Amino acid sequence: MEELIATLAELNIAVKLRGSKLDVYDPDGNLSAPLLSSLKKHKQEIISLLADLDSGAAYTSIPAVDQKPFYALSSAQKRLYFLYTLDPSSLAYNMPQIQHFEGIPDKVKLEKAFNLLIDRHEILRTTFHLQEDEPVQKVHARLDFSVIEYSTTDTLTDRVFHDFVRPFNLERGPLLRAAIVTLPDGTHHLMIDMHHIITDGLSYNIMLRDFMSLYRGQPLPQLRLQYRDFAEWQQGEAQQKEMARQKEFWRSEFSDLPPVLDLPQDHERPQVKTYAGDTFERQLDEALYAQLKSLARRSGSTMYTVLLSAFQIMLSRLGRQRDFVVGTPVAGRQHADLEHMIGFFVNTIPIRMSLDGDLTYLDFLKKLQPKVVDCFANQLFQYEEMVDELKIVRDSGRNPLFDVLFTFENFVEEATAATAATASEGSGGSGLQIAKFDLSLLTSESGGLLQLQFEFSTDLFEQKTIERFTAYYENILRSIVAHPNAKLSSIKFLPDAERQHLLHTLNPSPTAYPTDKTLVDLFEAQVDKNPKNTAIVFEGRSW
């Protein structure tokens, strides 16, 4: 039961008691068949447990608020609004996506579908303003929206894409734009760009699903709640009490601050962060992924924790540091009423661990698992508020508290349509070369394979360095499945070729020298051999 509850918490799966029935809320699509089977097996135990917990026995719906000129911002929106005010021209919080279109898109139907989508989800017609020095959001009854058309001889990721992706003005909506691009080969692509303050990754999937239904002319059920209802509810007394409780958890977690993690860089860190970035991807073989899943099951852990632990080991070795913080994004949708809502819910939480080289890997994993569960259980307290609460001195060239990020996704959202024109996800990615952190590792499961994507700051790293980091990470994964009882200090890190280069190529065998001569004798011998060579240069003079 403890393992099951820990796994549910980590995967953001909520269970609620409605009378004598058990409702399962899985916003991220993480409920696998084995996990569902385990839930059914322990159903009565969970029902009994929830019945005994006063806080879990009652389900309280989020109320709809009355219409008014302005509404409160959610905690996540406040954080992003603050970052926007620091640099309104930044593209760091644009969320562009490219969808491939099968067939010839109908622009009239496209615009109609987008306008119906904007009517359906109020957040898509919301703007942001200052009222008495306090940020607020305003929902408009209607905003004009049209689809841009491009026809180009360029590749999609060049001139057209960078002309399309430009800064948003949060006071002017909609904070959504779309364009159809026709390429020389006759293919069509739908480009969508949104500001992060109105959406997140899961919201994009909801939006794409609704858009395709509207494009096909299929009716959608009316939404009872909008994002403004969530924002106002979150700022209410009950939720603020929960926020205060979670604040105490994080204050305890960071009663002292760890030193910043300094990884070996190719370039000097700029004084002001530019967010210039790139990515490097790699796919692990099926056998290794199967071994990792087996390790997670045998250890009573999860794939998230196993992959995170390997990342922490790599960072500890690279930074020569035991105590440091890794950030991880969380969905922030812990209420069942938020399942079909578009908006900005995601938060980033810090996971702090101390790596003792004398611990075995399995012992380290057993320490990490409950730490992850505790951190996820306190995910509603916002990162930016945490930075303020901990009084962290800001550095314009760094992120506060952590500069590395880890993400694990084990679901693929499908968006298909049985029409003459169909949008399919993932044909071109975002195309925007931005890195919010020094180094981010995105791990994702797809078709039984594990994909690795390292996003890195090009101000700090060359791609060849990231390729080496990727090899280090894969080596650690292979080492922990082969020798899970090995000490952390003995886990294999370097590839054989690099180990050979460091130990032997750069450190040749000892050279024989005349042991009966002093250093002065050897210097004099060089003078006799090369009397005209320069020995010393100092302040422009040579001897």
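The values are calculated or read from the model by the stated rules, or taken from the named source; none is laboratory data. All values reported here derive from a predicted model rather than from experimental measurement. Here the Cβ positions follow ideal geometry from the backbone for every residue, glycine too, while neighbour counts run over all protein chains shown. Areas reflect the complete protein model, heavy atoms only, side chains present, ligands, DNA and RNA absent. Shrake-Rupley method; radii C 1.70, N 1.55, O 1.52, S 1.80 Å.
Of note:
- Cβ-based net charge around Ile180, under 11 Å, with every Lys or Arg adding one and every Asp or Glu removing one: -2
- Residues Lys487, Lys241, sorted by accessible area with the largest first, give Lys241, Lys487 [1.4 Å probe; ligands and nucleic acids excluded].
- Alpha-carbon centroid distance for the pair region 113-133 / region 190-211, whole angstrom: 13
- Of the GluC sites (Glu not before Pro) found in region 281-340, those in coil by DSSP whose Cβ has at most 15 other Cβ atoms within 10 Å are Glu339.
- Under 5 Å from the amide H of Glu409 lie the amide H atoms of Thr443, Ser444, Glu445, each residue being 5 or more positions distant or on a separate chain, with H modelled from the backbone and absent for Pro and chain starts.
- Kirkwood hydrodynamic radius of region 274-356, Cα pairs, Å: 15.9
- Mean ellipticity per residue at 222 nm, deg cm²/dmol - from DSSP H runs of n ≥ 4 across the chain, formula -39500 (n - 2.57): -11000 deg cm²/dmol
- Pairwise Cα distances in region 213-280 exceed 19 Å in 71 percent of cases.
- With a simple spin-label model that places each label point 7 Å from the Cα along the Cα-to-Cβ direction, the separation between Thr515 and Lys532 comes to 3.8 nm.
- The mean accessible area for residues of region 236-346, using a 1.4 Å probe and ignoring ligands and nucleic acids, is 46 Å² per residue.
- Residues whose amide H lies under 5 Å from that of Met353, counting only those 5 or more places away or on a different chain, are Phe324, Val326; hydrogens are built 1.01 Å from N in the peptide plane.
- Computed over region 86-141, the alpha-carbon pair-distance distribution with 5 angstrom bins reads 4, 13, 12, 20, 20, 15, 9, 5, 2, 1, 0, each value a whole percent.
- Taking every protein chain into account, the accessible area of region 427-543 amounts to 63 square angstrom per residue (probe 1.4 Å).
- Projecting the Cα atoms of Tyr289, Thr302, Gln312 onto the charge dipole of region 282-336 (Cβ charges, centred on the Cα centre) puts Gln312 farthest toward the positive pole.
- When all alpha carbon pairs of region 158-233 are counted in 5 Å bins from zero, the resulting P(r) reads 3, 11, 16, 22, 21, 14, 8, 4, 1, 0, 0 %.
- Distance in nm between pseudo-label sites at Ala486 and His129 (7 Å out along the Cβ direction from Cα): 6.2
- Taking the C-alpha atoms of the chain, convex hull volume expressed per residue in Å³: 230
- Helix runs (DSSP H) in the chain reaching 20 Å along axis by Cα, Kyte-Doolittle at least 1.0: 303-319
- Extension gain from Arg282 to Asp256, taking 0.36 nm per residue of separation minus the Cα-Cα distance: 5.7 nm
- Solvent-accessible area of the chain (1.4 angstrom probe, protein heavy atoms only): carbon and sulfur portion equals 51 percent.
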